[in-house]
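Here is the structure we will look at.
The values are calculated or read from the model by the stated rules, or taken from the named source; none is laboratory data. Since the model is a prediction, treat every value here as computed from it, not as a measurement. FYI the Cβ positions are ideal-geometry reconstructions off the backbone, even for glycines, and counts take in every protein chain you see. Note: areas computed on protein heavy atoms with side chains; ligands, DNA, RNA excluded. Shrake-Rupley method; radii C 1.70, N 1.55, O 1.52, S 1.80 Å.
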Amino acid sequence: MQELISNIRLALRQLARAPGFAAASSAVLALGIGLNAAMLGLTYTMVFAERPFERPAEIVQLFSHNSTEPDSYRAFSYPAWQEISKSAVLDGVLAHRTRPVGLREANQEGASRRTLADFVSPNYFSVLGVKLAQGRAFTEEEGRTGSPIPVAILSHKLWLKLGADPALVGGTIRVSERPFTVIGVAPRGFTGTSTMIGPEVFLPLGWIDSVATSLSRASVNSLERADAFDLFLVGRLRKDSSIESTNQALALTSASVQRALPVEYRSQALSVGPLPRFFSSVDPGQERALTPFSAALMGMTGSVLLIVCLNLASMFLARGQARRREFAVRLALGGGRGRIVRQLLTEGLVLSAIGGVLGAVLGVLSIDAIMGALFERLPITLAVDTSMTALIAGPTALFTLVATLMFAFGPALRHTGGDVIAELKQQGGEGSERRRRFLPRHPLVSLQIALSVSLLICAGLFVQMARQASLENTTFNADDTVLAEVDAGLAGYREAEGLGLYASIENRLRSLPGTKSASVAVTVPFGISGVGKRVRRAGVASGLDDRRLSLAEGQAFSADMNAVGAAYFDTLGLRLSRGRAFTDAEAQRTGSKRVAIVDEVLAKSLWPDGDAVGRTIEFAPTDATDEAAVPIEVIG
């Protein structure tokens, strides 16, 4: 300990004599350590950190797929959850679904802000083994379908946003302009079933049709429909059970569900798998696609730290050249080589400590910047708690030690491993190093250049791809177009009221000075959300999930869909190749006639040998969120 204290004092004196070297080294280390600590902290939190559940290894997600088509996964219906809950294979099964809602305090002025709510079954918190920080969980009466009791549980982050007042429990918030009584607050660090994107409020499942908005939902009372595949199911393994043994036992449960729901769950097989960490998904394989991206990102940030260490190693070697005679004199006077190496490592550790402290501050700022850049435009809540000091402290300490060994150990060995007599005989400025025949004169510099050029090539390729994407011909005019988001559903409007509101907004926008055209649309090109439908020729009678080969028998095609105003094509500068655009009456659905405009790809798919204008299409049934099969005339 006495030697360590002495080494630290000597290191501080040496660095004080070279303030420029100390400042430059600390700044470079701060950049490398801070970036890597931020990325490793986020990666650990999202990928490796233990969930805040009771016995988290027992929590699994249920999946449903067609036994004849192994990759055809889909969500569950409410009646299916009720049937599965009767099984004793799992020690409890919960149902939930995350949806956008409008949220504001009851006494808060202004408009609602968009956020995510998780609509959950009454046993949600008990199955996960989560104890609320304040208040209580939902009761069976509050959680049943059709329950008139409006209650809510706040996330810990929302509770902090609202002032962390204990009196909030028992108070009121407004969800999609409906008053809800707050009955509890979730514990700190609990983000639902996801580790990255979490809800701000938890609501009983029975309210999902009343306050949630969904681009694809077109019907109410979806919980009463066995073909409304809209829920995710999460269960807890029984003690002494595994995923493999549970999957074998679920065969009987699958048969039970098929008997209870013979049409909707024909040939459907149940299975369980690890609970996804990034987002809820109906397919257990979707999350694996993020693994290569995470590995590449960590590899790139690790390369930055390696370049930093190589840079500092070169600086230490250059600085050590001026101290070679000092080391030689100390060795000649009987100073041990190990003592000098430890002192040089201590100098590196002091530098790393200074850079680590600065890097920790930079890391916290980097996490906020990264999260802000990724989710600035997304109407969601980040579940990652960037205020946690442990998120940065651990990785910072790790990278501080790693950096010290990488940039200080090698130069320390080299400076103390030469011939003492030869070093003492050298005149100032002369060098005694031997040239290696097959190595570059400065291998560390060569390696730095190689790594830097590799990163620059990756960055150049990314910029080039982004540039090509920006120059791609989108066929519409976006340069002088302004986009404003409005969601009447989040303010409590019903469909008829919302259509009237949108029509009024369109008319007011068109009357503004300098406005050439204005239109509403459910989605926008290259937006963050979309709606898909299965479309077929009208007048066929194939059933749910029917797979036919003939167009005349009801072959359906998956197609992106949008609902737009009458001036949509004029506003975007699009020209129809055939037919006409919508009228105001058609766009606002004030008439009884249903019309549609299709693209050339869908038109040629449905009528390969003829013109689609004047023909009729319909939406093929997939679940209860689809409208009934109503003929729709193609007008363009």
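Computed from the C-alpha gyration tensor, the three semi-axes of the ellipsoid equivalent to region 461-538 are 29, 21, 13 Å, from longest to shortest.
First measure r as the distance between the Cβ atoms of Arg580 and Ser72, then evaluate 1/(1 + (r/R0)^6) with R0 = 45 Å and state the FRET efficiency to the nearest 0.05.
On the way: r = 38 Å, r/R0 = 0.85.
Approximately 0.70, to the nearest 0.05.
Remark: region 36-107 carries 41 Å² of accessible area per residue (probe radius 1.4 Å; ligands, DNA and RNA excluded).
Taking only protein heavy atoms and a 1.4 Å probe, the accessible area of region 69-161 is 50% carbon and sulfur.
On the basis of the beta-carbon distance and an R0 of 56 Å, Asp487 and Ala23 show a calculated FRET efficiency of 0.60. Taking a straight line from the alpha carbon of Lys86, these lysines sit under 29 Å away, with near neighbours fewer than eight places off in the same chain left out: Lys131, Lys239. Full extension of the segment from Glu224 to Leu471, taken as 0.36 nm per residue of separation minus the current Cα-Cα distance, would add 84.1 nm.
Antiparallel DSSP bridges in region 126-184: what percent, to the nearest 5? Of those bridges, close to 60 percent are antiparallel.
Here the calculated FRET efficiency for Ser504 and Ser267, from their Cβ-Cβ distance with R0 = 51 Å, stands at 0.55, rounded to the nearest 0.05.
For the pair Arg113 and Val402 in one chain, pulling the backbone fully straight at 0.36 nm per residue adds 99.6 nm over the alpha carbon distance.
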